[in-house]
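See below for the structure under consideration.
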Amino acid sequence: MLLRATFVLLTLMLAACAATPHNAFRLSESDIAMRDLQTREYPLMTDQEILSASTAVLQDLGYTIEEMEGSLGVLSASKRADASDQIKVFGSLALDGVKCVVTFGLGCTGSNYKKSADVQDIRLTLVSRQKPNDNDNVVVRVTIQRIVWDKTGRISEQHSITDKAVYSSFFEKMSKAVFLERHGV
């Protein structure tokens, strides 16, 4: 019994000493490109001003603010939309200007579109932080996910939004809101 326990302990210790590959935590080129797409920098702003501006943008777009932690610079919002009509699927996330041809990368033919879909949830998380070694600039990262529920209440698809046009449209609106916030309008 003692010999068996010693063997198991020794085996576990050796496994713990196994070398981690040198690139195990390295981001791929596509991950880096996605992070760049989701991130913008705003000069001469505070986290609180960014959160205020982003709250205004999201509420104008029909999102409900679910959580906001000002001291951490984190905001979480969502909105629910009808997913039974393909145009509504694309339009609900299109942020008032992105055409369905590019939204979600599906195109208007919607080859991945589920006819049995009932509703969809669009979830957005925004994180703002002071740029390291530069307290005059705030870095903002936004991630967006889409969850489609079928008529029986089960998830029929879920994925992160990777479309450049969606993020560009959001940050365009965000820049306008930041301008208004900065000038006290």
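When region 14-47 is filtered for residues that are closer than 25 Å to SER175 by Cβ, at pLDDT below 85 and of a type in the set (S, T, N, Q), only THR46 remains. Would you tally the residues in region 118-135 being within 16 Å of the chain's Cα centre (by Cα), of a type outside the set (Ser, Thr, Tyr) and within 17 Å of ALA53 (Cβ to Cβ)? Residues meeting the conditions: 4.
SER78 meets all of the listed conditions (1) at negative phi; (2) modelled with pLDDT of 80 or more; (3) part of a loop (DSSP other than H, G, I, E, B); (4) of a type outside the set (Val, Ile, Thr) but one, namely (3). The C-beta contact set for region 156-174 (first residue within 16 Å of ALA83 (Cβ to Cβ) and touching a residue at least 40 places away in the same chain (Cβ under 8 Å), second residue aromatic (Phe, Trp, Tyr) and in a helix (DSSP H, G or I), distance under 7 angstrom, 6+ apart or interchain) comprises ILE161/PHE104.
Could you identify the single residue in VAL166, VAL139 that is of a type in the set (A, V, I, L, M) and in a strand (DSSP E or B)? Explain how you work it out, then say what you get.
On the way: VAL166 fails: in a strand (DSSP E or B).
It is VAL139.
Pairs are defined by a Cβ separation below 6 Å, a sequence spacing of at least 6 or placement on different chains, a first member in region 26-51 that is closer than 16 Å to TYR167 by Cα and in a loop (DSSP other than H, G, I, E, B), and a second member that is at pLDDT 85 or above and of a type in the set (Lys, Arg); the pairs so defined are GLN38/ARG141.
The values are calculated or read from the model by the stated rules, or taken from the named source; none is laboratory data. All values reported here derive from a predicted model rather than from experimental measurement. Cβ atoms come from the backbone with ideal geometry, glycine included; neighbour counts cover every protein chain shown.
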